[in-house]
């Protein structure tokens, strides 16, 4: 079901190198296609290089803002793409961790795909939540107090997660739906 995201501003995260291109591009296109505005947010402004299948070079992406220059207050939702190296770099950045945690504190929608939930684990926001991810992340999710399920898409009170690029159609449909719904007060239960 198409939803109108007019007036909504969504952050999509990117690492300086290593974010899976299609997991950034497809959600960006979905949000913009529904009338929303997207800002690409990363460790530093300038440019980032994405990857395809973790190993092949993707494209150069303009980074609109650095984590240190923005906060969850500036956005209606956040999308966290995967890519093994990119997700690992993001979870090591304190500003990225704090930025994502802010969305949970404010009850705003959060969507993460593939290895993206590593950032959620690092932000300590998966306790008591049910989510999915790339299978290699499941033990991290369980160790952080979450419940891992093997599903195309999992929605838990404003938190949308998926496993891999093949799940993008379901993932993007649900993230648009959750962003259109707005805040989910139960989102804050895991902080």
Looking only at the range 66-86, and only at residues there that are touching a residue at least 40 places away in the same chain (Cβ under 8 Å) and in a loop (DSSP other than H, G, I, E, B), the one that is surrounded by the fewest Cβ atoms within 10 Å (Cβ to Cβ): 70
Kindly check whether there is at least one residue in the range 53-61 that is crowded, with 17+ Cβ neighbours inside 10 Å and assigned to a helix (DSSP H, G or I). no
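What about residue 96, is it surrounded by 21 or more Cβ atoms within 10 Å (Cβ to Cβ) and either under 20 Å from residue 162 (Cβ atoms) or touching a residue at least 24 places away in the same chain (Cβ under 8 Å) (or both)?
Yes: the conditions hold for residue 96.
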Does residue 7 satisfy the criteria of being on the phi > 0 side of the Ramachandran plot and either out of contact with any helix residue (DSSP H, G or I) (no Cβ under 9 Å at 6 or more places or on another chain) or buried (at least 21 other Cβ atoms within 10 Å of the Cβ) (or both)? yes
Just to be sure, is residue 150 surrounded by fewer than 17 Cβ atoms within 10 Å (Cβ to Cβ) and closer than 20 Å to residue 21 by Cα? no
Taking the range 150-191 only, how many residues are touching a helix residue (DSSP H, G or I) at 6+ places or on another chain (Cβ under 9 Å) and either part of a loop (DSSP other than H, G, I, E, B) or over 23 Å from residue 72 (Cα atoms) (or both)? 13
Considering only the range 119-139, state which residues are assigned to a helix (DSSP H, G or I) and touching a residue at least 60 places away in the same chain (Cβ under 8 Å). 119
Give 170, 180 a once-over and let me know the one that is within 20 Å of residue 22 (Cβ to Cβ) and either crowded, with 20+ Cβ neighbours inside 10 Å or within 15 Å of the chain's Cα centre (by Cα) (or both). 170
Run down 128, 158, 102, 145 and say which single residue is at positive phi, under 15 Å from the mean Cα position of the chain (by Cα) and surrounded by fewer than 24 Cβ atoms within 10 Å (Cβ to Cβ). 158
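Residue-wise test of (1) at pLDDT below 95; (2) assigned to a loop (DSSP other than H, G, I, E, B).
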site: 4; (1), (2): yes, yes
site: 7; (1), (2): no, yes
site: 13; (1), (2): no, no
site: 24; (1), (2): no, no
site: 31; (1), (2): no, no
site: 38; (1), (2): no, no
site: 44; (1), (2): no, yes
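The values are calculated or read from the model by the stated rules, or taken from the named source; none is laboratory data. Computed from a predicted model, the values in this text were never measured in an experiment. Here Cβ is always computed from backbone atoms with ideal geometry, including for glycine, and neighbour counts include all displayed protein chains.
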